[in-house]
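Engineer: This is the structure I want to talk about, given as structure tokens.
The values are calculated or read from the model by the stated rules, or taken from the named source; none is laboratory data. As the structure is a computational prediction, the values presented were derived from the model and not from experiment. Note that each Cβ is placed from the backbone with ideal geometry, even for glycine, and that neighbours are counted across all protein chains shown.
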Ligand SMILES: [Zn+2]
């Protein structure tokens, strides 16, 4: 009996020790010590924390002062550094035909090197490749950002962009959406080069019926209010938003339907008739319907000043495949050959777009940071252009927090993936970046990347520089 008692006490003691040991320290795939967390949602920095990662999730957030003796298969000293959710570029393109597949695949490296761990591909002609990359990345067989894609764009007959699905009537629209649904696309992208008013509205209605997300340009034969009412998920670029702020939108739309006005004539009229009261109502409708807006300010700036700015010595050109650079020529020629009036109009328009962004923000409209980088979009380089977009947003009047939110949080929420992505919290995605500067203090600090973490894979500065160097040969 006496012996039994002491066995029990030893057992209890051992149990106590093992429990205590467990509390003392856990083992993580990655352990980052003494790091400052940038909480983009609250706009606050939570100083001096221990962050643990297991698999693809954040498994520990704890004050470094109270932190137990944890261990990590990989450890990072986060002293004086800032950790946050990886950036998302919410408007990119993979395109340019068979010969440019490898060049497009190289973009994945440019995104990662720039801390972009999620991209929304807004349509192109490389869908099978993009879907293969997406799967390979998800299965950890390829390093790249999480890809969300629309697959091919929908447009009318003889569309501008190669690879678009041409639709002219309801039965073609149903067949097209069936095929997109079977490809399991993340959203439907509608383009406006040739699409009719009827087809455009039918696509929106059909997608809504099926619970599919839409995103697009908008033909000027449609009023913005009609697109919003019919459930467009996001409006890409600000042309269409500005149209919806005109006191003459209805008249302009009718003139375009009758074929009396083209895009640019009607745009002069749109710019001339901006009305604060109408704009207020439009912003309210966007907010009420949760319609997201993608301003793409940086590319607007680059393209508006192509006639003045020389980009031939841009550092990033050395990372871009010559085949992609060749596709830049079209827009450059267009800009140089434009009439003096058209050049001025383009610049004035860009100014109006910049002014629109803080107004949208103030009105509570959700925006998405997107660069529109990809082939054909001259000098808008994948990766770095997202940082420039965030900088343009701040220059326009957004706070650093508001700008960051349009990339990380809004990007994930728009696509319905905010259960995993977009916030720095326990159990959420461990696609993260570690910066040497606080981006809430100065937005250009998003460029001060020290580490990119993809799930449990840690890439330090040396790894990132090596990745970049492979693009130079
Ligand atoms: Zn685009």
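Engineer: Out of region 383-406, which residues are over 15 Å from residue 357 (Cβ atoms) and surrounded by 24 or more Cβ atoms within 10 Å (Cβ to Cβ)?
Structural biologist: Residues satisfying the conditions are 383, 385, 386, 387.
Engineer: Given the conditions (1) part of a helix (DSSP H, G or I); (2) closer than 30 Å to residue 453 by Cβ; (3) touching a residue at least 24 places away in the same chain (Cβ under 8 Å), and given that residue 144 satisfies all but one, which numbered condition is not satisfied?
Structural biologist: Among (1) part of a helix (DSSP H, G or I); (2) closer than 30 Å to residue 453 by Cβ; (3) touching a residue at least 24 places away in the same chain (Cβ under 8 Å), the lone unmet condition for residue 144 is (1).
Engineer: Suppose the filter is modelled with pLDDT of 95 or more, within 15 Å of the ligand (Cβ to nearest atom) and in contact with a strand residue (DSSP E or B) (Cβ under 8 Å, 6 or more places away or on another chain); does residue 421 pass it?
Structural biologist: Details: modelled with pLDDT of 95 or more: yes; within 15 Å of the ligand (Cβ to nearest atom): no; in contact with a strand residue (DSSP E or B) (Cβ under 8 Å, 6 or more places away or on another chain): yes.
Criteria not met by residue 421.
Engineer: What number of residues within region 408-449 are at negative phi, part of a loop (DSSP other than H, G, I, E, B) and in contact with a helix residue (DSSP H, G or I) (Cβ under 9 Å, 6 or more places away or on another chain)?
Structural biologist: Kept after step one, since they are at negative phi, are these residues of region 408-449: 408-415, 417-421, 423-426, 428-449.
Retained after the next criterion (residues that are part of a loop (DSSP other than H, G, I, E, B)): 408, 415, 417-421, 423-426, 428, 430-431, 436-442, 448.
Keeping just the survivors that are in contact with a helix residue (DSSP H, G or I) (Cβ under 9 Å, 6 or more places away or on another chain) gives 417-421, 423, 436-442.
So the answer is 13.
Engineer: Let me ask something else about it. Can you say whether residue 371 is within 16 Å of the ligand (Cβ to nearest atom), assigned by TED's automatic domain parsing to the domain that holds residue 93 and either assigned to a helix (DSSP H, G or I) or out of contact with any strand residue (DSSP E or B) (no Cβ under 7 Å at 6 or more places or on another chain) (or both), as far as the supplied structure shows? Talk me through it step by step, then tell me what you get.
Structural biologist: Working: within 16 Å of the ligand (Cβ to nearest atom): yes; assigned by TED's automatic domain parsing to the domain that holds residue 93: yes; either assigned to a helix (DSSP H, G or I) or out of contact with any strand residue (DSSP E or B) (no Cβ under 7 Å at 6 or more places or on another chain) (or both): no.
For residue 371, the condition - within 16 Å of the ligand (Cβ to nearest atom), assigned by TED's automatic domain parsing to the domain that holds residue 93 and either assigned to a helix (DSSP H, G or I) or out of contact with any strand residue (DSSP E or B) (no Cβ under 7 Å at 6 or more places or on another chain) (or both) - is not met.
Engineer: Among the residues of region 295-340, how many are out of contact with any helix residue (DSSP H, G or I) (no Cβ under 9 Å at 6 or more places or on another chain), within 16 Å of the ligand (Cβ to nearest atom) and closer than 30 Å to residue 465 by Cβ?
Structural biologist: Within region 295-340, residues that are out of contact with any helix residue (DSSP H, G or I) (no Cβ under 9 Å at 6 or more places or on another chain), within 16 Å of the ligand (Cβ to nearest atom) and closer than 30 Å to residue 465 by Cβ number 1.
Engineer: Would you check if there is a residue in region 437-449 being crowded, with 19+ Cβ neighbours inside 10 Å and under 29 Å from residue 307 (Cβ atoms)? Full working, then the answer.
Structural biologist: Pass one, region 437-449, residues crowded, with 19+ Cβ neighbours inside 10 Å: 439-440, 443, 446, 449.
Still in the list and also under 29 Å from residue 307 (Cβ atoms): 443.
Within region 437-449, one or more residues are crowded, with 19+ Cβ neighbours inside 10 Å and under 29 Å from residue 307 (Cβ atoms).
Engineer: Then there's this: List every residue pair whose Cβ atoms sit under 7 Å apart, with the two residues 6 or more apart in sequence or on different chains, where the first one lies in region 368-395 and is touching a residue at least 60 places away in the same chain (Cβ under 8 Å) and the second, anywhere, is away from the ligand (no atom under 16 Å from the Cβ) and part of a loop (DSSP other than H, G, I, E, B).
Structural biologist: Pairs found: 378/306; 379/311; 379/314; 381/320; 383/114; 384/114; 386/114; 387/114.
Engineer: Give just the number: which of (1) modelled with pLDDT of 95 or more; (2) surrounded by fewer than 16 Cβ atoms within 10 Å (Cβ to Cβ); (3) over 18 Å from the mean Cα position of the chain (by Cα) does residue 81 not satisfy?
Structural biologist: Of everything listed in (1) modelled with pLDDT of 95 or more; (2) surrounded by fewer than 16 Cβ atoms within 10 Å (Cβ to Cβ); (3) over 18 Å from the mean Cα position of the chain (by Cα), residue 81 misses just condition (2).
Engineer: Among the residues in region 353-365, are any in contact (Cβ under 8 Å) with a residue 60 or more places away in the chain, within 16 Å of the ligand (Cβ to nearest atom) and either surrounded by fewer than 24 Cβ atoms within 10 Å (Cβ to Cβ) or within 30 Å of residue 144 (Cβ to Cβ) (or both)?
Structural biologist: First, pick out the residues of region 353-365 that are in contact (Cβ under 8 Å) with a residue 60 or more places away in the chain: 353, 356-357, 359-360, 363-365.
Retained after the next criterion (residues that are within 16 Å of the ligand (Cβ to nearest atom)): 353.
So of that shortlist, the ones also either surrounded by fewer than 24 Cβ atoms within 10 Å (Cβ to Cβ) or within 30 Å of residue 144 (Cβ to Cβ) (or both) come out as 353.
Checking region 353-365: at least one residue is in contact (Cβ under 8 Å) with a residue 60 or more places away in the chain, within 16 Å of the ligand (Cβ to nearest atom) and either surrounded by fewer than 24 Cβ atoms within 10 Å (Cβ to Cβ) or within 30 Å of residue 144 (Cβ to Cβ) (or both).
Engineer: State all residues of region 252-278 that are in contact (Cβ under 8 Å) with a residue 60 or more places away in the chain and either touching a strand residue (DSSP E or B) at 6+ places or on another chain (Cβ under 9 Å) or within 16 Å of the ligand (Cβ to nearest atom) (or both); if no residue qualifies, say none. I'd like the intermediate steps shown before the answer.
Structural biologist: So in region 252-278, the residues in contact (Cβ under 8 Å) with a residue 60 or more places away in the chain come out as 257, 264, 267-268, 271, 274.
Selection gives 271, 274.
Engineer: Just one of (1) more than 16 Å from the ligand (Cβ to nearest atom); (2) out of contact with any helix residue (DSSP H, G or I) (no Cβ under 8 Å at 6 or more places or on another chain) trips up residue 129, so point out which.
Structural biologist: Of the numbered conditions (1) more than 16 Å from the ligand (Cβ to nearest atom); (2) out of contact with any helix residue (DSSP H, G or I) (no Cβ under 8 Å at 6 or more places or on another chain), the odd one out for residue 129 is (2).
Engineer: Evaluate the following for residue 378: is it within 16 Å of the ligand (Cβ to nearest atom) and buried (at least 23 other Cβ atoms within 10 Å of the Cβ)? Explain how you work it out, then say what you get.
Structural biologist: On the way: within 16 Å of the ligand (Cβ to nearest atom): yes; buried (at least 23 other Cβ atoms within 10 Å of the Cβ): no.
No, not satisfied.
Engineer: How many residues does region 180-239 hold that are within 13 Å of the ligand (Cβ to nearest atom), assigned to a loop (DSSP other than H, G, I, E, B) and closer than 16 Å to residue 156 by Cβ?
Structural biologist: Here the count works out to 4.
Engineer: To continue, here is another question. Between residues in region 292-314 that are within 23 Å of residue 214 (Cβ to Cβ) and in the same structural domain as residue 348 (by TED's automatic domain parsing) and residues that are away from the ligand (no atom under 16 Å from the Cβ) and in a loop (DSSP other than H, G, I, E, B), which pairs lie under 7 Å by C-beta distance while being six or more apart or on different chains?
Structural biologist: Hits for this filter: 292/366; 293/365.
Engineer: I would also like to ask the following. So if I check each of 464, 471, which one is touching a residue at least 60 places away in the same chain (Cβ under 8 Å), assigned to a loop (DSSP other than H, G, I, E, B) and in contact with a helix residue (DSSP H, G or I) (Cβ under 6 Å, 6 or more places away or on another chain)?
Structural biologist: After applying the criteria, what remains is 471.
Engineer: Taking the condition of being part of a loop (DSSP other than H, G, I, E, B), within 16 Å of the ligand (Cβ to nearest atom) and under 14 Å from the mean Cα position of the chain (by Cα), how many residues in region 84-126 meet it? Quick ask: steps written out before the conclusion?
Structural biologist: Taking region 84-126 first, the residues part of a loop (DSSP other than H, G, I, E, B) are 86, 93-97, 114-115, 122-126.
Still in the running and within 16 Å of the ligand (Cβ to nearest atom): 93-96, 122-126.
Within this subset, residues satisfying the condition of being under 14 Å from the mean Cα position of the chain (by Cα) are 93-94, 122-123.
Going through region 84-126 one residue at a time, the tally reaches 4.
Engineer: When residue 42 is evaluated against the numbered criteria (1) free of Cβ contacts under 8 Å to residues at least 40 places away in the same chain; (2) over 26 Å from residue 418 (Cα atoms); (3) in contact with a helix residue (DSSP H, G or I) (Cβ under 9 Å, 6 or more places away or on another chain), which criterion, by number, is the only one it fails?
Structural biologist: (2)
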